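Below: one structure, written as structure tokens.
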Number of protein chains: 2
Amino acid sequence: MSSIKDVAQRAGVSVATVSRALSGNGKVSSASRDAVHQAAKELGYVLSYNASSLASGRSRNIGMVMPTVSRWYYANVLQGATQELNERGYDLTLYNTSGEQRHRDAVFQDLLMRQRLDAVITVTLKLTAPELHQLQAVKKPLVALGGLLPQVQTIRVDDFNISALGTEHLISLGHRDIAFLGGTDEFNIDFCLPSARLDGFEYALDQAEIRVNPQWLLNADFTTAGAYQKVRSLLSNPRGRPTALLCASDEMAFGAIMAARDLGLNVPNDFSVVGIDGHELGDLFGLTTIAQHPHAQGEAAVRRIMELLGEEDPTPDGAAPEFFPTEFVLRTSTAPPAGA
Amino acid sequence: MSSIKDVAQRAGVSVATVSRALSGNGKVSSASRDAVHQAAKELGYVLSYNASSLASGRSRNIGMVMPTVSRWYYANVLQGATQELNERGYDLTLYNTSGEQRHRDAVFQDLLMRQRLDAVITVTLKLTAPELHQLQAVKKPLVALGGLLPQVQTIRVDDFNISALGTEHLISLGHRDIAFLGGTDEFNIDFCLPSARLDGFEYALDQAEIRVNPQWLLNADFTTAGAYQKVRSLLSNPRGRPTALLCASDEMAFGAIMAARDLGLNVPNDFSVVGIDGHELGDLFGLTTIAQHPHAQGEAAVRRIMELLGEEDPTPDGAAPEFFPTEFVLRTSTAPPAGA
DNA sequence: CTGAAAGCGCTTACAG
DNA sequence: CTGAAAGCGCTTACAG
């Protein structure tokens, strides 16, 4: 591999000039610049990021930490962030906190600390105090996507309102017997879906003066299969069942719809279902949902990081809304209750 | 941040000894070793990977290149690889070839070349000759997961046999009118599902002396929604329809099952469906499939890389099968055809 | 077993 | 605008 010296020699300039010409930092005559680019091209020169990072303190590498990548939301956030970063010549290094505790510890104590990252994006993570402290000690920009990190710049959707909106939709159709399917405590922590979604649900019912039936407050593991089981039980209860359900994720809503169908119920006539997410499959299931565009969230997190790194002009203040925009998508999984 | 010098000073030894004690390379008295570890711990020292890499030429960082991360197979490969890597103190840097051509070019011409990676894992990628040449010029270990890269160590499942097996299953149930749903050419290239799956299908039919109906050779975009459309059309054809279908992915098989149900057909009695993948949702759909364990494939790729890097003992020759093991999973989406 | 020193390939004040 | 030189924080022959 040719080094910067080879380029300098071939271009007939100093190493310093090559560095300046290639990086764009500092003044270089256009003659020198051309000679350098020409020489670099001829040699197939690519600079060593390790050396560059060591000398400059900038790595052009962003760390992303998430609890899993194989769930819909995370995979899409990751996809959006990678593309946005690669486009800028940045790398994305991926860390996963799932699995054993010692792996998670390794991530926070070692991997993230190794001075190889310019910034870190956490995704729906709830960090322990030492973990957060650790991260902040590095003095690198930190942006959170979702999650609950005090004093960290966070991009998030308005979970409370999303839930309230979905619930109001059902109420406005005439439903009064409405169930809610959220995450189990375990998952609420890992995926850090704050209680906001449940709160929004209860708030909307409260506003409509409908009493919450505690039996109809369910939770599952955010998988389609887990939701299927729960909703099957719910709908099989001979002592009466709800006419509608709000799910904290689309993947769970799919399970709910499948469970209802397998019991011979018609969705939406016998049972209405609302999801939250905007999963591609929603179309097929006819799922009414609130879309949250995780791909765009991943991109937004990258742009925010770039602003913090001074690589990009900050978004004008007025343009930065408190919450990431979401969108109500009406399809065919909701209708007035049978008796209405 | 404290540096190696601080540790050396505090431990009362030289920088060289600290390096040796911490890395485990070279001889160090146990007294020195203890002093160094003690000092490092007190200072909260974490070594700079950039400096370490520059000096040693080893980055403890593996690149993974895939066409997308938001499809089931890829997300799971990624998850398996990250965990396996992080466990060894390695980082995973993710590259995505989807999107515009210039992004793909950037990945191959710049990102991968920057000397920051010890090795590269490609996932179901078909590289152009220059791309492959580029990658090989770096002289770093290269392992492929699936895909068609000549002269590259590849971990792959036996696509031909998988398809043949699924088809034989249907034939043995008595089906003779069997359709196949593969990928469109565009996706066959990106996801590099070789024609092997179609070949296996045709081979099995041929063995059973069944003629392939060209009208029943379909392809879609590997999504559930795409498959749904295709299969809906297929099954709506008044001039007769197949009694069974082999799908090149489980996600497509789900779409096929949904399409059949929406047309009022009973799966499996009116229409049998077989998938390929082992997607978690297969259980819910009762999908008969051939499971290929992408999470384990990701882990296997990492282990292979570690062997090539000399970090791990090579698997004894006899233990390394030509193909990654797969598993036939019989569920309830297949049954003898109605008339049988 | 240990240390002084060269060197990895860049960047960036500094002086011109 | 340009170059000589110091320095980024490590690793590793080399000599002891």
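The values are calculated or read from the model by the stated rules, or taken from the named source; none is laboratory data. These numbers come from a predicted model, not from an experiment. Note that each Cβ is placed from the backbone with ideal geometry, even for glycine, and that neighbours are counted across all protein chains shown. Areas reflect the complete protein model, heavy atoms only, side chains present, ligands, DNA and RNA absent. Shrake-Rupley method; radii C 1.70, N 1.55, O 1.52, S 1.80 Å.
Suppose we filter the stretch B:284-313 for residues that are among the charged types (D, E, K, R) and either assigned by TED's automatic domain parsing to the domain that holds B:Gly166 or closer than 16 Å to B:Gln79 by Cα (or both); how many remain? Walk me through it before giving the result.
Residues of the stretch B:284-313 that are among the charged types (D, E, K, R), as a first pass: B:299, B:303-304, B:307, B:311-313.
Imposing the further condition that a residue be either assigned by TED's automatic domain parsing to the domain that holds B:Gly166 or closer than 16 Å to B:Gln79 by Cα (or both) reduces the set to B:299, B:303.
Number satisfying all stated conditions: 2.
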**Fill in**
Note on B:Ile257: of the conditions (1) surrounded by 15 or more Cβ atoms within 10 Å (Cβ to Cβ); (2) within 19 Å of B:Asp159 (Cα to Cα), unmet is (2)
**Request:** State yes or no: is B:Ser70 outside the structural domain of B:Arg116 (by TED's automatic domain parsing) and open to solvent by 10 Å² or more (accessible area, probe 1.4 Å)?
**Result:** no
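For (1) more than 25 Å from B:Ala256 (Cβ to Cβ); (2) surrounded by fewer than 21 Cβ atoms within 10 Å (Cβ to Cβ), each residue gets a yes or a no:
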position	(1), (2)
B:Gln101	yes, yes
B:Ala106	yes, yes
B:Lys126	yes, yes
B:Leu132	yes, yes
B:Gly146	no, no
B:Asp158	no, yes
B:Ile162	no, no
B:Leu170	no, no
**Asked** With A:Val274, A:Val302 as the choices, which residue is of a type in the set (A, V, I, L, M), closer than 30 Å to A:Arg60 by Cβ, touching a helix residue (DSSP H, G or I) at 6+ places or on another chain (Cβ under 6 Å) and modelled with pLDDT of 95 or more?
**Response** A:Val302
**Fill in**
Those residues of the stretch B:1-46 that are away from DNA strand C (no atom under 13 Å from the Cβ) and under 27 Å from A:Tyr49 (Cα atoms) come to a total of 7
**Item:** Residues located in the stretch B:109-161, provided they are hydroxyl-bearing (Ser, Thr, Tyr) and touching a strand residue (DSSP E or B) at 6+ places or on another chain (Cβ under 8 Å)
**Value:** B:Thr122, B:Thr124, B:Thr154
**Request:** Tell me which of these A:Val77 doesn't satisfy, since it passes every other one: (1) free of Cβ contacts under 8 Å to residues at least 40 places away in the same chain; (2) in the same structural domain as A:Leu149 (by TED's automatic domain parsing); (3) among the aliphatic types (A, V, I, L, M).
**Result:** (1)
**Request:** Would you check if there is a residue in the stretch A:232-239 being touching a His at 6+ places or on another chain (Cβ under 6 Å) and at pLDDT 95 or above?
**Result:** no
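Please give the helices (runs of 4 or more DSSP H) falling wholly within the stretch B:44-154 in which 1 or more residues are within 15 Å of the chain's Cα centre (by Cα), within 11 Å of another protein chain (Cβ to nearest Cβ) and more than 16 Å from DNA strand D (Cβ to nearest atom). Write out each step before concluding.
Numbers: elements: B:49-56, B:72-87, B:101-109, B:129-137.
Of the helices (runs of 4 or more DSSP H) lying wholly inside the stretch B:44-154, those with at least 1 residues that are within 15 Å of the chain's Cα centre (by Cα), within 11 Å of another protein chain (Cβ to nearest Cβ) and more than 16 Å from DNA strand D (Cβ to nearest atom) span B:72-87.
Quick one: which of B:Gly182, B:Gly174, B:Gly200 is closer than 18 Å to B:Val274 by Cβ and surrounded by fewer than 16 Cβ atoms within 10 Å (Cβ to Cβ)? Steps first, please.
Working: B:Gly182 fails: surrounded by fewer than 16 Cβ atoms within 10 Å (Cβ to Cβ); B:Gly200 fails: surrounded by fewer than 16 Cβ atoms within 10 Å (Cβ to Cβ).
Residue meeting the stated conditions: B:Gly174.
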**Prompt:** Going by the conditions given, is A:Val107 β-branched (Val, Ile, Thr) and within 23 Å of B:Tyr45 (Cα to Cα)?
**Reply:** yes
**Request:** For the stretch B:291-308, state whether one or more residues are open to solvent by less than 30 Å² (accessible area, probe 1.4 Å), within 30 Å of B:Arg232 (Cα to Cα) and more than 14 Å from chain A (Cβ to nearest Cβ).
**Result:** yes
**Message:** Suppose we filter the stretch A:1-37 for residues that are under 21 Å from B:Gln115 (Cα atoms), open to solvent by 70 Å² or more (accessible area, probe 1.4 Å), part of a helix (DSSP H, G or I) and more than 10 Å from DNA strand D (Cβ to nearest atom); how many remain?
**Reply:** 2
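Take the residues of the stretch B:207-254 that are among the acidic types (Asp, Glu) and surrounded by fewer than 20 Cβ atoms within 10 Å (Cβ to Cβ): which is farthest from B:Thr184 (Cα to Cα)?
From the stretch B:207-254, those among the acidic types (Asp, Glu) are B:209, B:221, B:250-251; that's our starting set.
With surrounded by fewer than 20 Cβ atoms within 10 Å (Cβ to Cβ) added as a condition, the list becomes B:209, B:221.
Working: B:Glu209: 27, B:Asp221: 6 Å.
Residue satisfying both the conditions and the ranking: B:Glu209.
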**Prompt:** With (1) among the polar types (S, T, N, Q); (2) farther than 17 Å from A:Thr93 by Cα; (3) open to solvent by less than 30 Å² (accessible area, probe 1.4 Å) as the list, and B:Gln79 as the residue in question, which single condition is left unmet?
**Reply:** (2)
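Quick one: would you say B:Ala51 is near DNA strand C (Cβ under 8 Å from one of its atoms), aliphatic (A, V, I, L, M) and either at pLDDT 90 or above or open to solvent by less than 20 Å² (accessible area, probe 1.4 Å) (or both)? Can you show your working first?
On the way: near DNA strand C (Cβ under 8 Å from one of its atoms): yes; aliphatic (A, V, I, L, M): yes; either at pLDDT 90 or above or open to solvent by less than 20 Å² (accessible area, probe 1.4 Å) (or both): yes.
Taking the combined requirement at face value, the residue satisfies it.
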